[in-house]
Amino acid sequence: SGCEGTDGFLPYFEIADIVTNRQYDTVRFDDDSASMVMITDGNRLISYDNTVSFNRKLQYAEEMCFMGGMLWAIDMLKDGSNPLSSNNGNSAATGDPSDQSFCGSDYQDVITGCKQPCPSGDSSQCPPGQFCFANSGCSIDNIGAPPPSKCRLCPDSSTQGIRDWLEVSFGGETMTCGDVDMTVISEFAKGTEQCDAAKQSLGDTCCYNYPDNPCMLCRSETEFLDLRALEEIDVDPESMTCFDLSKRLGPEENDSQMCTSAQKEHWDSCCYDQCTLCEGKGIKWWNEVEYEGEPLNCGEVDAMLYADETEVGTENCTEIVSSFNRDCCYDYPTTPCDVCTKENGERHTLMPNEEVDYEESTFTCAEVNNFLSPFESSSDQCEEVKDLAFDTCCFDRCSLCGEGARLDAELLVDVDGEEGTCADIESGLFQERTID
């Protein structure tokens, strides 16, 4: 058929087989020619069209008001294939995860173009200055096209929650709504028939709109207690943890019959008043103390109370708080000391990982700033440490938007000839210690 076997020429069905079987060295989408460029056998260059490049050329023809176009030649296509339509075997949804590894200068660059795959996962398959990113959502069967938006059973996460524990029938199997959601995310693209069918059949059952005042198992009008998350309880007709019950109450209003009944029945089993080491005060988490013969810092002592679900009023709570409150707790200062705030109130940016020597030890600037937090900004301790650490720890950072303005982090802009986000620029100013 066609010119099969002719030197210097490949019919489309042979090219399709090379792509399908991944028998190439590299393949990429070329912007200048709006075509695919593939290298095989070390030195054989093959230029061809896929869905994206065909559509780019059709778009160009429409923009130039051409009267028509022609595909040469139909007998060179693989049986049942049509390069002018989207590939049904989109590896971003159904194929080998390695087929979603693509090259780019950063992740945003990858998903903007999906121009060159790197199925080995190794950046050596990428052009100089680019890296290989896995799980990009791009498709090796549709190079040059941005990844499809993923299907979600409950698409608007800002207003909707999912009853992920509820069992439903999907695809002939019984699974939870949470498992169905993961299935449609991994297998269907947004806007496909399969995605729309799943949402239509299960959306009302699995999804709910967030209530104005959601039910919380351990919150009443007068009390707000902590949850014994792993405590096992009986909730007809099954056993579950307090955490599971609390999650299932999430779709209900706090004054609903279901919420108030659950609170009445399970309050004593699931809810408790958590003991804290420094109730109403700050904690010197870095201070080291001795507990039962073992050295611990104050942060670890406080975490232990939470891990053991120690309740207020118990003997253990009273003993630990009375033993360590003096060494571990402090009253919040009116104006806390900050190593990078000058006397006139001007605040510079902290470089958290820089190191300074203090009292015969080496600390990071972040640690020094934490040590200063219990002291007033006017205290001698504050002034002493600021004199020592300010030049090392602080700099007058150049900010892209200046004081009082908000950064549009995800906005795409041109950065030295390449596409990047405003957040990339702001991060670069910090990493390079750019001074205002």
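The values are calculated or read from the model by the stated rules, or taken from the named source; none is laboratory data. On a predicted model such as this, the values are computed, not experimentally measured, just so you know. Every residue, glycine among them, receives a Cβ derived from its backbone with ideal geometry; neighbour counts consider all protein chains shown. Heavy atoms of the whole protein, side chains included, go into the accessibility calculation; ligands, DNA and RNA do not. Shrake-Rupley method; radii C 1.70, N 1.55, O 1.52, S 1.80 Å.
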Checklist entry - Which lysines does LYS386 reach when only Cα atoms under 16 Å apart count, and residues fewer than 8 places away in its own chain are ignored? => result LYS342
Checklist entry - In the chain, which helices (entire DSSP H runs) extend 30 Å or more along their own long axis, judged by Cα positions, while averaging at least -0.5 on the Kyte-Doolittle scale? => result none
Checklist entry - Applying 1/(1 + (r/R0)^6) with R0 = 30 Å to the Cβ-Cβ distance of THR222 and SER261, what FRET efficiency is obtained, to the nearest 0.05? => result 0.95
Item to check | Counted charge near SER123, where neighbours are those whose Cβ lies closer than 14 Å (Asp, Glu -1; Lys, Arg +1) | outcome: -3
Checklist entry - Hey, what did the stretch 167-289 get for relative contact order, percent, Cα under 8 Å, at least 6 apart? => result 21 percent
Checklist entry - In whole angstrom, how far apart do the alpha carbon centroids of the stretch 292-347 and the stretch 212-239 sit? => result 28 Å
Checklist entry - What net charge do the residues around CYS298 carry, taking every other residue with its C-beta under 13 Å from that of CYS298, with Lys and Arg at +1 and Asp and Glu at -1? => result -2
Item to check | Over the stretch 248-337, relative contact order from alpha-carbon pairs under 8 Å, at least 6 apart, % | outcome: 32 percent
Checklist outcome for this item: Of ALA189, ALA303, ALA134, the most mobile residue in a GNM of the chain (C-alpha springs, cutoff 10 Å) is ALA303
Checklist outcome for this item: If each K or R counts +1 and each D or E counts -1, the residues other than LEU202 whose Cβ falls under 14 Å of its Cβ total -4
Checklist entry - Using a probe of 1.4 angstrom, how much of the accessible area of the chain is carbon and sulfur, in percent? => result 47 percent
Item to check | Charge dipole of the chain about the Cα centre (unit charges at C-beta), most positive-ward option of CYS259, GLY113, MET175 | outcome: GLY113
Item to check | Virtual spin-label span in nm between ALA307 and ASN325, 7 Å along Cα→Cβ | outcome: 2.4 nm
Checklist entry - Applying 1/(1 + (r/R0)^6) with R0 = 35 Å to the Cβ-Cβ distance of SER124 and ASP196, what FRET efficiency is obtained, to the nearest 0.05? => result 0.25
Checklist entry - How would LEU230, LEU350, LEU412 line up by accessible area, probe 1.4 Å, largest first? => result LEU230, LEU412, LEU350
Checklist entry - Given the options GLY420, GLY69, GLY144, which has the most mean-square fluctuation in a GNM of the chain, springs set between C-alpha atoms less than 10 angstrom apart? => result GLY69
Checklist outcome for this item: Checked against the structure, the computed mean projected area of the Cα convex hull in nm² among (1) 28.6; (2) 33.0; (3) 41.5 is the one labelled (2)
Checklist entry - Which whole-number percent gives the relative contact order of the chain, counting Cα pairs below 8 Å spaced six or more residues apart? => result 8 percent
Checklist entry - Counting only protein chains, not ligands or nucleic acids, how are ILE283, ILE320 ordered by accessible area (probe 1.4 Å), most first? => result ILE283, ILE320
